[in-house]
Amino acid sequence: MPHSVSPEVDSQHTATEETMTDAPAQNGDSQATDNDITMAETNALPVAAGEEDKKDVKLEELFADVDSDEEFPSSRPTKDQSSSSPAAPVSSFDGAADLKASDPELLRIFYQRLFPWRYLFQWLNHSPTPTNDFVHREFAFTLQNDIYLRYQSFPSSDLFRKDVLRQLPVRFEIGPVYTTNPRDRKTLRNSSAFKPLAKELCFDIDLTDYDDIRTCCDKANICNRCWQFITMAIKVVDVALREDFGFKHIMWVYSGRRGAHAWVCDKKARTMDDQKRRAIAGYLEVIRGGAQSGKKVNVRRPLHPHLSRSLEILAPHFQADVLESQDPWSESDRADHLLSLLPDKTLNDSLRKKWDEAPGRASTSKWADIDALAKSGASKNLDTRALLEAKQDVVLEYTYPRLDIEVSKKLNHLLKSPFVVHPGTGRVCVPIDTRQLEDFDPLGVPTVHGLLDQIDSWKPQDQGDEKVKNLQDWEKTSLKPYVEYFRSFVLALMKDERDPKVKRERDESEAMEF
């Protein structure tokens, strides 16, 4: 049940829970790499007395959780050797292409060698050493047998990684930071004392919500043509969050199949209560009603500046990606819906007659016909202002973001983690670089099968180069630019979290008014 507040299912591994809860806060293996985030990179900003970080700390010394190639020499699934004779070198990725993306052996290799554990920890922890932002954070695992384990928590990045490798969840979700360790919730005398304190403000956009207007695909299917609806949505929501609410650290993540998630990571966003989250969600919600409802856009005039700005962003997309690419009114029933959105019955009758006489007339021509017939005097009592406003509403209905608003309203909602593998497509849920948004290809993102092939086929150009020897496995694959983008995002977030000036400004502004 993606992105839902699921009923509690206790883990069957009670002993493991106790071990995890009481384990010391270890900080990873002993290996280190040169490209980890260090405190020097965050300009060694001063920290107030009494905080955990009283001196510069190299994060690679704390959380070196990437295993070397020597420890895991091949990414190919291994088979039991019935003979004691030495095994011949494996020359191909035996049987892996036939395995499902959710196969435990594939997931084990992916989690072990490619998943960016260190950066995920730093992203959620906001500090180089474990804090309650991570220790009291809820994780939920979806296991192979469809068991859904909520309220998982871990005292360190290393123990989190080890438990994922032990249980091999098909995916895992990230929840809020609670008042206490989620594993200890049942030991509290007062159950009401266990409540969520903080979580990133999240948004979810899914192409199935566009099925009534996209003509190229439907249901779980997508292509680059209908992906443009997601591109439009990201542009509109991202600029609103930055310019209207002042948020800075916003990460967009591909869902692995047909959508995108936004994680707003600023401290003032993480600490908002449900009322403020509902207010922001309501501010961004314009499209209302399901596929069978009539008019979905009902906004006041004059338009709010956010909507005026959105129309400016969306107008070029409406012409190219809706009228030309989707041709949404080529069929008569879809054209009838367009006419139902226009305010003048006489004009509508004239348009219907014209279109009936020209079956298959392109949507670009039908859209132009509205103004042409209006100017020709087809309707003597035409209200031109009402017509203009109706056309604006049509543009919004066919281009404005269609948000799964429930994901954004509640602090205790869980959302799929970045970099997990989608079990249906095998694609990795990679972050989307909004600086190159138009170039993002959802069908071209790395797949778990392709990544494992890339590791095995990778050969260094210079065998003696120390940097080559220290390369992590993700650096040898097409996952590299996505991990590097994630790393730079985490670096900027941690830098702000350590800046006393930023901390003070954000603490003072946390009483946001709407």
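Data overview
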item: Matching residues in segment 220-245 - criterion: being open to solvent by 30 Å² or more (accessible area, probe 1.4 Å) and within 17 Å of residue 319 (Cα to Cα); result: 224, 225, 228, 235
item: Scan of segment 155-195 for residues that are of a type in the set (Ser, Thr, Tyr), within 14 Å of residue 120 (Cα to Cα) and either open to solvent by 50 Å² or more (accessible area, probe 1.4 Å) or not in a helix (DSSP H, G or I) (or both), ordered by number; result: 156
item: Subset of segment 378-399 that is part of a loop (DSSP other than H, G, I, E, B) and either aliphatic (A, V, I, L, M) or modelled with pLDDT of 95 or more (or both) - its residue that is most open to solvent (accessible area, probe 1.4 Å); result: 383
item: Pair list, Cβ < 7 Å and 6+ apart or interchain, from segment 247-258 residues that are closer than 20 Å to residue 272 by Cα to residues that are among the hydroxyl-bearing types (Ser, Thr, Tyr) and modelled with pLDDT of 95 or more; result: 252/434
item: Hits in segment 132-154 (condition: surrounded by fewer than 20 Cβ atoms within 10 Å (Cβ to Cβ) and polar (S, T, N, Q)); result: 132, 144, 145
item: Residue satisfying condition, being of a type in the set (Ser, Thr, Tyr), modelled with pLDDT under 95 and either closer than 30 Å to residue 228 by Cβ or open to solvent by less than 50 Å² (accessible area, probe 1.4 Å) (or both), within set 509, 457, 488, 478; result: 509
item: Residues of segment 329-365 satisfying the condition of being over 19 Å from residue 216 (Cα atoms) and either charged (D, E, K, R) or in contact (Cβ under 8 Å) with a residue 60 or more places away in the chain (or both); result: 336, 344, 345, 349, 352, 353, 354, 356, 357
item: Filter result for residue 283 (buried (at least 22 other Cβ atoms within 10 Å of the Cβ), touching a residue at least 24 places away in the same chain (Cβ under 8 Å) and among the hydroxyl-bearing types (Ser, Thr, Tyr)); result: no
item: Selection count where residues are open to solvent by 30 Å² or more (accessible area, probe 1.4 Å) and either in contact with a Cys (Cβ under 6 Å, 6 or more places away or on another chain) or in a loop (DSSP other than H, G, I, E, B) (or both), scope segment 340-377; result: 9
item: Residues within segment 436-454 that are open to solvent by 60 Å² or more (accessible area, probe 1.4 Å) and free of Cβ contacts under 8 Å to residues at least 12 places away in the same chain, tallied; result: 2
item: Residue 402 vs. criteria modelled with pLDDT of 95 or more and open to solvent by 20 Å² or more (accessible area, probe 1.4 Å); result: no
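The values are calculated or read from the model by the stated rules, or taken from the named source; none is laboratory data. Please read these numbers as outputs of a predicted model, since none were measured by experiment. Here Cβ is always computed from backbone atoms with ideal geometry, including for glycine, and neighbour counts include all displayed protein chains. All accessible areas refer to the heavy atoms of the entire protein, side chains included, with ligands and DNA or RNA removed. Shrake-Rupley method; radii C 1.70, N 1.55, O 1.52, S 1.80 Å.
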